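K.L.:
Structure in structure tokens, see below.
The values are calculated or read from the model by the stated rules, or taken from the named source; none is laboratory data. Not measured: the values here are computed from a predicted model. Using ideal geometry, Cβ is built from the backbone for each residue, glycine included, and neighbour counts are taken over all protein chains shown. Surface accessibility is based on the protein's heavy atoms, side chains included, excluding ligands, DNA and RNA. Shrake-Rupley method; radii C 1.70, N 1.55, O 1.52, S 1.80 Å.
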Amino acid sequence: MNTLTKIEGALPLPVTVDDILAARARISGSIVRTPTLISRTLSNMVGATVYLKFENLQFTAAYKERGALNRLLLLDDAARAKGVIAASAGNHAQGLAYHGARLGVPVTIVMPTTTPTVKVMQTEGHGATVVLYGEKFDDAYAHARTLEQERGLTFVHPFDEPDIIAGQGTIALEMLEDAPDIDTLVIPIGGGGLFSGMGTAARAMKPDMRLIGVQAELYPSMYSLMNNADLACDGDTLAEGIAVKQPGMLTRRFVERLADDIVLVSERALEQAVSLLLQIEKTVVEGAGAAGLAALLSHKDKFAGRTVGLVLCGGNIDTRLLANVLLRDLARSGRLARLRIILQDRPGTLFAVARIFDQVGVNILELSHQRIFTNLPAKGLSLDVECETRDAAHLDRLLAAIADAGYEVSPVELA
């Protein structure tokens, strides 16, 4: 540990529980007090008592509204009149835009030119002026800081400001009031604002609270920082809301002081968690919002027997992406399958195979013959069958029946 780190470690953190309590009083009435509910099914599944905080039920479907509103309400009259600016292509943009419009504060959001049109339209729909600049977030961020100086605007950082952190901390106040038995909080970490605020509030209310951060394996920025590791930080993650390459300079101090551990979760675990929350809780979450549950599924031993609070921090997921996630999960669980069957190219063969599906009670969804692009003999063909089964055991019975009938069959596996 160098001298600077020692000095920073000794300094008091710039946000206290009093700041968070003040933020709650300030934003109360303009933010949804989302429910904290026990999930008995998930509890049984992971071997812990699991409470869910439904922040995906905010008006903009994400917790980011809390910090953004707190920051806006603390602006002086001159700053309010000139307006604010931020660089964001996600939930921070929408939270700031929505409350800025509600309060009459002009909001400018700088987004990369590669931002999906739907996100641009949603942000503009909340009343913000959107400026598209650069291909990467770093380009947009730099341009936003330039416009801040040129236009005399107030820059609102998505996570690395005390007022933002204080606003996010109000989540923990509500959770522990509604579920005081919680002894462990599992909190997604991107830049670290949510963890910093919630961790500060939770430790003030319950000093023995266990605080666990969670990051996507593809973006382990805070994990690397806290563990003196040098892991790659890049890739196309489902949890884009926490895909941050550089943790905040301020938030890293909170995480270093407060975190008991940071765990990493795979893309497959994130997909499974998104799917389970929709199937079991009938609630839609984005990848970052499912990160806490992904941590429980991937590290059950760390949470066994504990009372765990999870924040479903956002629900803004593209509908086509959600459909893909759900279908992939059905395939991995054996309820959807694609089978490749090798046949002789002669009349009646397809009918004979279809009868096996009928006898086993499996629904055929789609068929595809391949006669040309194959290394089979000229009189052979491969048949791909997409089908729907009840579960993995049902699929195994189908595979056995096809093989018993003398056909070569193999599942086409997902990665």
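K.L.:
Given the criteria touching a Lys or Arg at 6+ places or on another chain (Cβ under 8 Å), among the aliphatic types (A, V, I, L, M) and surrounded by 24 or more Cβ atoms within 10 Å (Cβ to Cβ), does MET175 qualify?
P.N.:
Values: touching a Lys or Arg at 6+ places or on another chain (Cβ under 8 Å): yes; among the aliphatic types (A, V, I, L, M): yes; surrounded by 24 or more Cβ atoms within 10 Å (Cβ to Cβ): yes.
Yes, satisfied.
K.L.:
Looking only at residues that are small (Gly, Ala, Ser) and in a helix (DSSP H, G or I) in the range 10-62, which one is surrounded by the fewest Cβ atoms within 10 Å (Cβ to Cβ)?
P.N.:
The first filter runs over the range 10-62 and keeps only residues small (Gly, Ala, Ser), leaving 10, 22-23, 25, 28-30, 39, 43, 47-48, 61-62.
Next, only the ones that are in a helix (DSSP H, G or I) stay: 10, 22-23, 25, 43.
Values: ALA10: 7, ALA22: 15, ALA23: 30, ALA25: 9, SER43: 16.
My answer is ALA10.
K.L.:
Could you please let me know if PRO116 is farther than 17 Å from ILE164 by Cα and either buried (at least 17 other Cβ atoms within 10 Å of the Cβ) or in contact with a helix residue (DSSP H, G or I) (Cβ under 8 Å, 6 or more places away or on another chain) (or both)? Write out each step before concluding.
P.N.:
Working: farther than 17 Å from ILE164 by Cα: yes; either buried (at least 17 other Cβ atoms within 10 Å of the Cβ) or in contact with a helix residue (DSSP H, G or I) (Cβ under 8 Å, 6 or more places away or on another chain) (or both): no.
For PRO116, the condition - farther than 17 Å from ILE164 by Cα and either buried (at least 17 other Cβ atoms within 10 Å of the Cβ) or in contact with a helix residue (DSSP H, G or I) (Cβ under 8 Å, 6 or more places away or on another chain) (or both) - is not met.
K.L.:
Here's another thing I want to ask about it. How many residues are buried (at least 17 other Cβ atoms within 10 Å of the Cβ) and either in contact (Cβ under 8 Å) with a residue 60 or more places away in the chain or under 20 Å from the mean Cα position of the chain (by Cα) (or both) when one looks only at the range 339-364?
P.N.:
Residues meeting the conditions: 3.
K.L.:
Checking ASP163 against (1) open to solvent by 40 Å² or more (accessible area, probe 1.4 Å); (2) over 21 Å from GLN246 (Cβ atoms); (3) in contact with a Leu (Cβ under 6 Å, 6 or more places away or on another chain), only one condition comes out false. Which one?
P.N.:
Of the numbered conditions (1) open to solvent by 40 Å² or more (accessible area, probe 1.4 Å); (2) over 21 Å from GLN246 (Cβ atoms); (3) in contact with a Leu (Cβ under 6 Å, 6 or more places away or on another chain), the odd one out for ASP163 is (2).
K.L.:
Here is a further query. Please specify each residue of the range 197-218 satisfying the condition of being open to solvent by 10 Å² or more (accessible area, probe 1.4 Å), over 15 Å from ARG253 (Cα atoms) and touching a residue at least 60 places away in the same chain (Cβ under 8 Å).
P.N.:
Correct list: ALA204, MET205, ARG210.
K.L.:
Only one of (1) out of contact with any Phe, Trp or Tyr (no Cβ under 8 Å at 6 or more places or on another chain); (2) free of Cβ contacts under 8 Å to residues at least 40 places away in the same chain is not met by ARG71, so which one is it?
P.N.:
With (1) out of contact with any Phe, Trp or Tyr (no Cβ under 8 Å at 6 or more places or on another chain); (2) free of Cβ contacts under 8 Å to residues at least 40 places away in the same chain applied to ARG71, the lone miss is (2).
K.L.:
If I go through the range 79-89 residue by residue, how many of them are open to solvent by 20 Å² or more (accessible area, probe 1.4 Å) and under 30 Å from VAL285 (Cβ atoms)?
P.N.:
1
K.L.:
From the list GLY213, GLY127, GLY134, which one is modelled with pLDDT under 95, touching a helix residue (DSSP H, G or I) at 6+ places or on another chain (Cβ under 7 Å) and farther than 22 Å from LEU69 by Cβ? Break it down into steps so the answer makes sense when it comes.
P.N.:
Numbers: GLY213 fails: modelled with pLDDT under 95; GLY127 fails: farther than 22 Å from LEU69 by Cβ.
Answer to the selection: GLY134.
K.L.:
Within the bounds of the range 276-284, is there any residue that is touching a residue at least 12 places away in the same chain (Cβ under 8 Å), open to solvent by 40 Å² or more (accessible area, probe 1.4 Å) and within 13 Å of the chain's Cα centre (by Cα)? Steps first, answer last, please.
P.N.:
Filtering the range 276-284 for residues touching a residue at least 12 places away in the same chain (Cβ under 8 Å) gives 276-278, 280-281, 283-284.
Keeping just the survivors that are open to solvent by 40 Å² or more (accessible area, probe 1.4 Å) gives 278, 280-281, 284.
Applying the additional criterion that residues be within 13 Å of the chain's Cα centre (by Cα) yields 284.
For the range 276-284, residues touching a residue at least 12 places away in the same chain (Cβ under 8 Å), open to solvent by 40 Å² or more (accessible area, probe 1.4 Å) and within 13 Å of the chain's Cα centre (by Cα): present.
K.L.:
Related question: Within the range 299-309, how many residues turn out to be open to solvent by less than 50 Å² (accessible area, probe 1.4 Å) and not in a helix (DSSP H, G or I)?
P.N.:
The total comes to 4.
Let's see how each residue does on (1) touching a residue at least 40 places away in the same chain (Cβ under 8 Å); (2) among the polar types (S, T, N, Q); (3) more than 30 Å from LEU296 (Cβ to Cβ):
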{"position": "LYS53", "(1), (2), (3)": "yes, no, no"}
{"position": "ASP77", "(1), (2), (3)": "no, no, yes"}
{"position": "THR108", "(1), (2), (3)": "yes, yes, yes"}
{"position": "THR154", "(1), (2), (3)": "yes, yes, yes"}
{"position": "PHE159", "(1), (2), (3)": "yes, no, no"}
